[in-house]
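Single-structure report; data block below.
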Ligand SMILES: C[S@@+](CC[C@H](N)C(=O)[O-])C[C@H]1O[C@@H](n2cnc3c(N)ncnc32)[C@H](O)[C@@H]1O
């Protein structure tokens, strides 16, 4: 092995041993794995103890694999010998930067450029229900290595916190809080932000107090997202969490206790509600997405009647007297008629509608 690769591997090994390891980035890949761009290795807390997690970034997907501390450094050496030309090791004691050229390599040592994250485990004292330092948030790209939520992900962060808060409150107020095992399905789980956060909160942070286990499944049509989420779930040891590729409409939902769906596109929200109703789920929490089908139908009807484009656009989203979108009104009515108690949180669009109406009324007085 090249002497400088050996030095970097030893430095990684030592920093893992004395807990000063922050992260390792392998880049400038010239090897044979198609589409591979970089590997980021971080320490992650799992049920089986700390592990070194390698997240391999390809053009269109990520692959995640865990290594025991004894095996991780050898994997770093092997990766550097098979195509990566650059390595940047961040430790609390200082940084090492390795560049591998055609004939020789160069190793540069510098001051520590990154701060060590506060903790790799769950901090139960956080104000939010979700721990921003949870590893899956970093692996999914919501948080940076310091456990700070990225500015571009603040909306998603607020959404999933609010969703988990609502879900936890509904469980606490329901007879199913006494159940030994809760079966939850997240329909249209996407990259799994909500699925991971809800599972972590219910299964890890509260399950011991509630004396229950949680089985959660994310249903998603895109296989690359399903694979990524399953790898991260396995890597962090979330044993009751799995992701399945498929269409919501094809799912056998029998026996589920709770159905959740956050922004399942278009009519996928209706498919999800239908599954929740027919499975007799105790709790359904859904925040819908776009209403493409209704919009298309409304547009077609108005075009047939010869309305101008501007006018029909204004009417397509006409809301009821409560400012509720017609789809939301129809869905809540449908659930109500099936015997569900409705707790409707006003959507952002509905709140905007209220504000516009208030502003309009103020002008009239
Ligand atoms: C807007 S994303 C929301 C993802 C996630 N729930 C969140 O809020 O972060 C909607 C996801 O639902 C998936 N999806 C849409 N229709 C679906 C269907 N009929 N069956 C399964 N997945 C579906 C899409 O592929 C997409 O990943």
* To do: Kindly indicate which of 280, 313 is at pLDDT 60 or above and assigned by TED's automatic domain parsing to the domain that holds residue 228.
  => 280
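Here is a yes/no grid of residues against (1) more than 16 Å from the ligand (Cβ to nearest atom); (2) out of contact with any helix residue (DSSP H, G or I) (no Cβ under 9 Å at 6 or more places or on another chain); (3) within 13 Å of residue 130 (Cβ to Cβ):
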position: 162; (1), (2), (3): no, yes, yes
position: 180; (1), (2), (3): yes, yes, no
position: 184; (1), (2), (3): no, no, no
position: 193; (1), (2), (3): no, no, yes
position: 210; (1), (2), (3): yes, no, no
position: 228; (1), (2), (3): no, no, no
* **Elements of type helices (runs of 4 or more DSSP H) contained in the stretch 175-262, each with 3 or more residues being surrounded by fewer than 21 Cβ atoms within 10 Å (Cβ to Cβ) and either at negative phi or more than 20 Å from the chain's Cα centre (by Cα) (or both)** => 207-210, 223-235
* For the stretch 20-31, state whether one or more residues are at pLDDT below 95, surrounded by fewer than 20 Cβ atoms within 10 Å (Cβ to Cβ) and under 18 Å from residue 145 (Cβ atoms). => yes
* Can you confirm whether the stretch 238-249 contains a residue that is more than 10 Å from the ligand (Cβ to nearest atom) and more than 22 Å from residue 133 (Cα to Cα)? => yes
* Asked: When the residues of the stretch 213-224 are filtered to those that are in contact with a strand residue (DSSP E or B) (Cβ under 8 Å, 6 or more places away or on another chain) and more than 6 Å from the ligand (Cβ to nearest atom), which remaining residue is farthest from residue 178 (Cα to Cα)?
  -> 223
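The values are calculated or read from the model by the stated rules, or taken from the named source; none is laboratory data. Just so it is clear, the structure is predicted and the values come from calculations on it, not from any experiment. Here the Cβ is made from the backbone with ideal geometry for all residues, glycine too, and neighbour counts use every protein chain on show.
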